Structures are given as structure tokens and as C-alpha cells.
Amino acid sequence: MLPLYLVYLIIVTLVVTGVSFSKYGTIVDGTDTARVAKPVLEYVPGIATYNGLQQESLSFENVKPGDAVAYQFQIRNFKNEDLIEIRNEVLLRYKIEVSVEPENVLPLTKNLVGSYPSDGDGWTILGMGENITHSYTLNIVWNELETGSEYANKTQTIRITINAEQID
């Protein structure tokens, strides 16, 4: 009787263990791809004029009181790489800062001409979905009344800095 009782206990233990350790599983086939949106902001240098005459370079020598430099450039939301056009895929904003370095060496005044949609903080909005070009002209003038000898043989560097960031 004991062997029969032992066999019964083993069978019950196997059934209970098998039920409690059972698993359910499924197999799902599928693939998906994802990519990050591309931000594109391209600075495109243009032409420079010195006292109304087009220049080959952006280096000017023998500048004197009354002289004026105008430099045209563009900001675009697209560019061409290896004959493929890449367009901006996110909403961007940018800010253009023009600095004269070192400061106060020559009596130069600067004026950036170009007005586009702004967020009110000096940042300009650059959209997406279509090709957008913003054109600017930077005018730099030496005041003709500032003729002192202290300006002789002085050098100035004009720096254009473009800061950009994505808008959420």
C-alpha cells in the first residue's frame, strides 16, 4: 500500500508542479526604423563692397575716415551635399551677433540690415518644410569727422557669430 501511495504522491506532485511552472509565449515578427530629425542652418558668404566697389576679399587696408564697407550674406535652412539637397527638419531660431575686436580702436559704426520673424528676444525664427533664405547686409562706416592721428596703423577685426538652437 505504501508503494501505491508513494506513486500517487509523485503523480500529484508532477501535475501540480507542471501546472504552476507552465508558461505562455508568443512570437511577433516585425521591423521598424527610426531616425533623428536633421537641423540645418547654413551661413552663405556673399559679396563685399568697399566704398561702393565690389571686393575680392574681406581684408581691407588703408581705410580712412568716411570709408564704408557693406558685406552681404545669407542664412539658409537647406544645403547641398554631394549633389543632394538636405533641408532643415526642425524648428530653429538663431541670433546674429556682430562684434568689432578689439573694441574702440577705430571709430566704426555697424548696422545689420535684414528683418525676419522674431520671437521677441532678438532671436530669428527659421522654419522647416520648404527652402527658406534670409538675406542680410552688414554696413560698417568710419565716421568721417573722426580724423585723429591716434587711428594711424590700427587694425580691427569684424566678427559675425551665429548662435542657433532648436525650438521645442
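Each value in this text was obtained by applying a stated rule to the coordinates, not by laboratory testing. The model shown is predicted, which means the values in this text are computed figures rather than measured ones. Glycine gets a Cβ as well: all are built from the backbone with ideal geometry, and neighbour counts include every protein chain shown.
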Options 112, 138, 106; residue that is assigned to a loop (DSSP other than H, G, I, E, B) and of a type outside the set (Lys, Arg): 106
One residue from 125, 86, 75, 158 being in contact (Cβ under 8 Å) with a residue 60 or more places away in the chain, in a strand (DSSP E or B) and under 30 Å from residue 36 (Cβ atoms): 75
Which residue is farthest from residue 70 (Cα to Cα), if the candidates are limited to segment 125-146 and must be crowded, with 16+ Cβ neighbours inside 10 Å and not β-branched (Val, Ile, Thr)? 128
Looking at 70, 152, can you tell me which residue is surrounded by 15 or more Cβ atoms within 10 Å (Cβ to Cβ) and out of contact with any Cys (no Cβ under 8 Å at 6 or more places or on another chain)? 70
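Out of all the residues in segment 92-111, which are touching a strand residue (DSSP E or B) at 6+ places or on another chain (Cβ under 7 Å) and either over 16 Å from residue 162 (Cα atoms) or loosely packed, with under 15 Cβ neighbours inside 10 Å (or both)? Break it down into steps so the answer makes sense when it comes.
Within segment 92-111, the first condition is being touching a strand residue (DSSP E or B) at 6+ places or on another chain (Cβ under 7 Å), and the residues that meet it are 92-101, 106-111.
97, 99, 101, 106, 107, 108, 109, 110, 111, listed by residue number.
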The condition of being out of contact with any helix residue (DSSP H, G or I) (no Cβ under 8 Å at 6 or more places or on another chain), touching a residue at least 60 places away in the same chain (Cβ under 8 Å) and within 30 Å of residue 36 (Cα to Cα) holds, among 135, 118, only for 135
Within segment 73-91, take every residue that is farther than 30 Å from residue 143 by Cα, touching a strand residue (DSSP E or B) at 6+ places or on another chain (Cβ under 8 Å) and among the β-branched types (Val, Ile, Thr) and give me the one that is surrounded by the fewest Cβ atoms within 10 Å (Cβ to Cβ). 86
